[in-house]
Amino acid sequence: MLLGCFIVSVGILFLQNSEVITGGTAGLALSFSYLMNSSFAVVFFLINLPFYILSYFKMGWKFTASTIFAITSLSIMSEIVQFFPSFTIHPIFGSIIGGTIAGLGLSILFMNGSSLGGANILSLFLQQRFNWNPGKTMFAFDFLVILTGLYSVGLVRGFYSVLSIFVISYIISFFKVKIAARNVRPKTAVQPEPSAS
């Protein structure tokens, strides 16, 4: 989980330095951090607070606890990677590289029964309940987030932001079989009936 959080934080660093956003609560946090010139880590942590309730009722306490741990870890790691040497990168490359790295990190978290809140929770729930592809459902939710974030990044960078969520959803879809296998809830064993004596 820590490895997954670190990889996602590096992906977000690429997105930040190319001034694009992504989907989910991470995308909302990036949008608000651009608008308010505030810390991504703080905004990301606060945005996810309401989703803990959804996670508890839909995915259980164990999943919720691991999600809280992952969100807190990512918030801290996002602040740590800010001490990396600063760089600038073209938005198209930032979207592709950042999206690929973030998608890999999210896949690792999903395979370990955790998420980064928001649409991640709903996507995993829909996969368990209806066997929906988590990559495609996340793309749909993330696209709506991008539309709301156009105000903070503009139309051109909004296009690059759509590219980032496409890349993320593709990476997650690539690992969907492993994600499903690691998140299948074990069935209750049927106790054999006692034989007649």
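The figures follow:
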quantity: Helices (runs of 4 or more DSSP H) enclosed by segment 75-177 - at least 1 residues per element that are farther than 30 Å from Trp61 by Cα; calculated: 91-111, 134-174
quantity: Any chance Leu2 is out of contact with any Gly (no Cβ under 8 Å at 6 or more places or on another chain) and closer than 18 Å to Gly105 by Cβ; calculated: yes
quantity: Flag for Thr100 being surrounded by fewer than 19 Cβ atoms within 10 Å (Cβ to Cβ) and over 24 Å from Ala180 (Cα atoms); calculated: no
quantity: Helices (runs of 4 or more DSSP H) wholly inside segment 1-67 containing at least 1 residues that are in contact (Cβ under 8 Å) with a residue 24 or more places away in the chain, open to solvent by 30 Å² or more (accessible area, probe 1.4 Å) and within 18 Å of Ser95 (Cα to Cα); calculated: 2-17, 24-36
quantity: Every residue from segment 76-97 that is at pLDDT 85 or above, open to solvent by 10 Å² or more (accessible area, probe 1.4 Å) and hydroxyl-bearing (Ser, Thr, Tyr); calculated: Thr88
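The values are calculated or read from the model by the stated rules, or taken from the named source; none is laboratory data. Keep in mind the model is a prediction, meaning the values are calculated, not measured. Cβ: placed from backbone, ideal geometry, glycine included. Neighbour counts: every protein chain shown. The protein model used for the area step is the full one, side chains on, heavy atoms only, and it has no ligands, DNA or RNA in it. Shrake-Rupley method; radii C 1.70, N 1.55, O 1.52, S 1.80 Å.
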